[in-house]
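Worksheet: the structure to be examined is printed underneath.
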Amino acid sequence: MTAYSLLDLVPIVQGGTASQAFANAADLARHAESLGYTRYWVAEHHGMEGIASAATAVVIGHVGAATATIRIGAGGIMLPNHAPLQIAEQFGTLDALFPGRIDLGLGRAPGSDQRVAQAIRRNLETDANAFPQDVMELQSFFADDGKTGIRATPGAGAKVDLWILGSSTFGAQLAAALGLPYAFASHFAPGQMMEAIALYRRNFRPSAALAKPHLMLGFNVFAADTDAEAELLASSQQQAFVAIRTTGRGIQLPPPVPGYRESLGAQGMAVLDHVLSASAVGGPDKVREQIAAFIARTGADELMIASAMFDHQARKKSLTLAAEAMRGR
């Protein structure tokens, strides 16, 4: 059976607070754990009013304390924002607190706009093209092989599972060359998905970390009792996507709006449908069919299920229906 996991951006809903978002994250992770989800990941974003996971390692610690067995981690850490030593220390700490449960997905995007990136880094001289070297430096800290001349404490000898993330072929090439598992952001950037999949599988080199390719694909699921209810629930995330693409700024997750997709007109609907093409929206039968079709087309080893819903209980039910669909394919 294809494994299934959960990506949570820890959404702050309109009228809500970060404290509420963190409480929901812990509750959602416990729920996912009870449903057999393999891992729960949060992602590093900055300067986004509707995303509470900026201090990613702190949020992972919060979720780890609320759960017992599910793997927890970052999907991902945007490595150009950090010195590899700092990330080794942070995730070495998490591994010491939650041994055998920590994943570290690494990306090279800023997770913000240029203005916010400068506020994080103090300058923009960090070279995103140095990402492969930064990944290998981080591996060296965890391996405690002495190559850096510095011992990460905590971090040296930590058993953290590294992943490469991407939305283009760059990450696929790097993951294949290093023999690491690869997660593609098809849930919001599906354009190069099939090309990246083929490249990763074709060029994969076995490593001490991984004997054969392991491909995870992002996939949105909005499931409810009926197709109509699911379409309505999906409109919150649709509004958030449209806002960031038209204004460049994130918004707090808005409540659902009936008929929102149709209100965008033909061109707007086409853009939205492309961006969110890796999605299942509907009742249990429709969601099961859409998930099965996506797995059949891609051969994914694992789905990283994403969904942002205004109503927390509706989101938990959607995750339940998604898990039932995965188990019942």
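Tabulated data
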quantity: Of the criteria (1) open to solvent by less than 50 Å² (accessible area, probe 1.4 Å); (2) at pLDDT below 95; (3) of a type in the set (D, E, K, R), which one residue 95 fails; calculated: (2)
quantity: Candidate set: segment 56-86, residues that are of a type outside the set (Gly, Ala, Ser), touching a strand residue (DSSP E or B) at 6+ places or on another chain (Cβ under 8 Å) and modelled with pLDDT under 95; chosen: the one most open to solvent (accessible area, probe 1.4 Å); calculated: 78
quantity: Looking only at segment 116-147, and only at residues there that are more than 28 Å from residue 39 (Cβ to Cβ) and at pLDDT 95 or above, the one that is least open to solvent (accessible area, probe 1.4 Å); calculated: 146
quantity: Residues located in segment 175-189, provided they are at pLDDT 95 or above and either closer than 20 Å to residue 295 by Cα or surrounded by 22 or more Cβ atoms within 10 Å (Cβ to Cβ) (or both); calculated: 175, 180, 181, 182, 183, 184, 185, 186, 187
quantity: Candidates 287, 221, 275, filtered to the one that is open to solvent by less than 30 Å² (accessible area, probe 1.4 Å) and farther than 27 Å from residue 46 by Cα; calculated: 287
quantity: Count - residues of segment 1-55 that are open to solvent by less than 40 Å² (accessible area, probe 1.4 Å), under 15 Å from the mean Cα position of the chain (by Cα), more than 20 Å from residue 234 (Cβ to Cβ) and of a type in the set (Val, Ile, Thr); calculated: 1
quantity: Residue 285 vs. criteria of a type outside the set (A, V, I, L, M) and under 18 Å from the mean Cα position of the chain (by Cα); calculated: no
quantity: Boolean, residue 292 is crowded, with 19+ Cβ neighbours inside 10 Å, under 21 Å from residue 7 (Cα atoms) and within 21 Å of the chain's Cα centre (by Cα); calculated: no
quantity: Filter result for the condition that a residue is in contact with a strand residue (DSSP E or B) (Cβ under 8 Å, 6 or more places away or on another chain) and touching a residue at least 12 places away in the same chain (Cβ under 8 Å), over 152, 189, 175, 156; calculated: 175
quantity: Condition broken by residue 282, with the remaining ones in (1) surrounded by 19 or more Cβ atoms within 10 Å (Cβ to Cβ); (2) closer than 23 Å to residue 38 by Cα satisfied; calculated: (2)
quantity: Residues (crowded, with 16+ Cβ neighbours inside 10 Å and either out of contact with any Leu (no Cβ under 9 Å at 6 or more places or on another chain) or at pLDDT below 95 (or both)) located in segment 295-307; calculated: 307
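The values are calculated or read from the model by the stated rules, or taken from the named source; none is laboratory data. If you're wondering where the values come from, they're calculated on a predicted model, not measured in any experiment. Cβ: placed from backbone, ideal geometry, glycine included. Neighbour counts: every protein chain shown. Just the protein is used for accessible areas: all its heavy atoms, side chains included, with ligands, DNA and RNA removed. Shrake-Rupley method; radii C 1.70, N 1.55, O 1.52, S 1.80 Å.
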